[in-house]
Every structure is written in C-alpha cells, then in structure tokens.
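The values are calculated or read from the model by the stated rules, or taken from the named source; none is laboratory data. Predicted model only: the values in this text are computed from it and were never measured. A quick note on method: Cβ atoms are made from the backbone with ideal geometry, for glycine too, and the neighbour counts reach across all protein chains shown.
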Amino acid sequence: MNQRLYAQATSLALFTIFYNILEGVISVWFGVADETLSLFGFGLDSFIEVISAVGIWHLVKRINGNGGESRDDFEQRALKTTGGAFYALTLILIITAINNILVGKKPETTLAGVIISTISILFMWYLIRQKRKIGTVLNSRAMLADAACAQACVYLSITLLLSSLAYTITGFGLIDSLGALGIAWFTYREGKESLNKAKGLDCCCSCSCTESI
C-alpha cells in the first residue's frame, strides 16, 4: 500500500517538474511576444519552481528509502538556490514594472495570460488535492507541506488571471505593471520562506507555504 502511494507521490513530483518547465517556456514566449510583463514574470517563476519541485522529488525518493523527513545537503542547496532566484526575480519585476509605468508601456494583448493562468489554477488545485490525499494517508508532514506550497502557486496564478482579464476588458496599460508588482510580492515571500527553511526556521518544503493545510 505504502509503496504504491510513494510511487504516486513520485509521479506527482515528476509531473510538477515537467509541467512547470512547459508552463515556463510558453509563458516566457508569449510574455516577450505580447510584451506582457506579468506573464513574463509568471513564466520565470515557473522555472524557479522547477528547482523546488526537484527538491521535493528528491525528498520523496529519500523518504521512501527510509531516509527520514529532515532535509539533506541536496535539499538545503535547492532551498538556498530557490530563495536567491526568487529574490532576483522580485527585483527584476519591481524595476521593470516601475519603468513601464513611467514610460507608459503596455502589452499588445493579455489573452495568453488569461488562458495560461486558468489552466494553471486547474492543474494546481488537482495537484493540491492529490498531494494532500497521499500526505494524509502516509502521515507525512513534508508531503502535506508541499501540498500547502502549491497554494501559493494558485494565488500567483489568480493574480495573473485578474490582471490579464482586467487589461483585456479595459485596455488600461497600468494594469499589467500592477499585476507584475503583485507577482513580485508573492515571489518575495517565496524567496524569504525558502531561505528560512534552509536555516531550519520553517516547515519541510522547498517553496512558500501557507498556514492552512
């Protein structure tokens, strides 16, 4: 029974890795093509989440091998790398958003952002439910924390969806920059919590957790 659940947990971790890579490539492509800063930032966030997902995949494999749920050196490095990357992305988004506001730059269209964020919300909620289910049965704090982490990705996707919809409806240029600043807020929190976890100050997870699991 447990081996089957660990196999499912490993499959979910691998799916998360490949999904984030695909989402990142598509989001960055359309972000550049449509000059949509919020979508571009969302895509870069997806690439950083790949590092987090690799850490979770490694953790699941180690737990299955009776390695315990305390983080090893590989997971510590993944957390530090993830945290630094999130901080760098936050700075890039803030500087670019302010510049876009000052020069009055706006996207060609945000339709791709609407579609991508909607798909992302659906996939993330599926992953959350499956990870919670497996984590509860296995009584794994780390897996439950990973499920909670995915909620941060949902909130980020909702931010992209709202800003993309608002721009599609109104055509008001500032909305995309404001959406990018909203994404920057989440990436800052993700970076802070990843570095805190690397110092042993938070739960066993490689991304930003929410309080409710």
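This table checks each residue for (1) under 18 Å from residue 48 (Cα atoms); (2) buried (at least 22 other Cβ atoms within 10 Å of the Cβ); (3) modelled with pLDDT under 90; (4) in contact with an Asp or Glu (Cβ under 6 Å, 6 or more places away or on another chain).
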residue: 118; (1), (2), (3), (4): no, no, no, no
residue: 132; (1), (2), (3), (4): no, no, yes, no
residue: 151; (1), (2), (3), (4): yes, no, yes, no
residue: 155; (1), (2), (3), (4): yes, no, no, no
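Where the second residue is polar (S, T, N, Q) and outside any helix (DSSP H, G or I) and the first is in contact (Cβ under 8 Å) with a residue 40 or more places away in the chain and within 30 Å of residue 79 (Cβ to Cβ) and lies in segment 149-173, which pairs have Cβ atoms under 6 Å and are six or more apart or on separate chains?
151/210; 152/208
Restricted to segment 157-167, and to residues that are within 21 Å of residue 106 (Cβ to Cβ) and surrounded by fewer than 19 Cβ atoms within 10 Å (Cβ to Cβ), which residue is farthest from the chain's Cα centre (by Cα)?
The qualifying residue farthest from the chain's Cα centre (by Cα) is 166.
If we scan segment 45-67, do we find a residue that is surrounded by fewer than 18 Cβ atoms within 10 Å (Cβ to Cβ), charged (D, E, K, R) and in contact with a helix residue (DSSP H, G or I) (Cβ under 8 Å, 6 or more places away or on another chain)?
Scanning segment 45-67, I find at least one residue that is surrounded by fewer than 18 Cβ atoms within 10 Å (Cβ to Cβ), charged (D, E, K, R) and in contact with a helix residue (DSSP H, G or I) (Cβ under 8 Å, 6 or more places away or on another chain), so the answer is yes.
Would you call residue 183 without any contact (Cβ under 8 Å) to a residue 60 or more places away in the chain, within 18 Å of the chain's Cα centre (by Cα) and closer than 18 Å to residue 37 by Cβ?
So residue 183 fails the test.
Between a residue in segment 118-130 that is assigned to a helix (DSSP H, G or I) and any residue that is basic (Lys, Arg), which pairs come within a Cβ distance under 9 Å, given they are 6 or more apart or on different chains?
Between residues of segment 118-130 that are assigned to a helix (DSSP H, G or I) and residues that are basic (Lys, Arg), there is no close pair.
Has segment 7-16 got at least one residue that is farther than 21 Å from residue 137 by Cβ and either outside any helix (DSSP H, G or I) or out of contact with any strand residue (DSSP E or B) (no Cβ under 7 Å at 6 or more places or on another chain) (or both)?
Among the residues of segment 7-16, not one is farther than 21 Å from residue 137 by Cβ and either outside any helix (DSSP H, G or I) or out of contact with any strand residue (DSSP E or B) (no Cβ under 7 Å at 6 or more places or on another chain) (or both), which makes the answer no.
Within segment 17-38, how many residues turn out to be within 17 Å of residue 99 (Cβ to Cβ) and assigned to a helix (DSSP H, G or I)?
Number of matching residues: 4.
Kindly provide the set of residues from segment 99-135 that are under 30 Å from residue 60 (Cβ atoms) and of a type in the set (A, V, I, L, M), ordered by number.
Of everything in segment 99-135, those that are under 30 Å from residue 60 (Cβ atoms) and of a type in the set (A, V, I, L, M) turn out to be 116, 119, 121, 122, 124, 127, 128, 134.
From 140, 70, grab the single residue that is surrounded by fewer than 19 Cβ atoms within 10 Å (Cβ to Cβ), at pLDDT below 90 and more than 14 Å from the chain's Cα centre (by Cα).
Going through 140, 70 in turn, the sole match is 70.
Looking only at segment 98-116, how many residues end up being of a type in the set (S, T, N, Q), in contact with an Asp or Glu (Cβ under 8 Å, 6 or more places away or on another chain) and surrounded by fewer than 21 Cβ atoms within 10 Å (Cβ to Cβ)?
Final tally of qualifying residues: 2.
Only one of these conditions is not met by residue 77: (1) assigned to a helix (DSSP H, G or I); (2) surrounded by 15 or more Cβ atoms within 10 Å (Cβ to Cβ). Which number is it?
The one condition residue 77 does not meet is (2).
Based on what the data block shows, is residue 22 surrounded by fewer than 22 Cβ atoms within 10 Å (Cβ to Cβ), of a type outside the set (D, E, K, R) and farther than 25 Å from residue 174 by Cβ?
It is true that residue 22 is surrounded by fewer than 22 Cβ atoms within 10 Å (Cβ to Cβ), of a type outside the set (D, E, K, R) and farther than 25 Å from residue 174 by Cβ.
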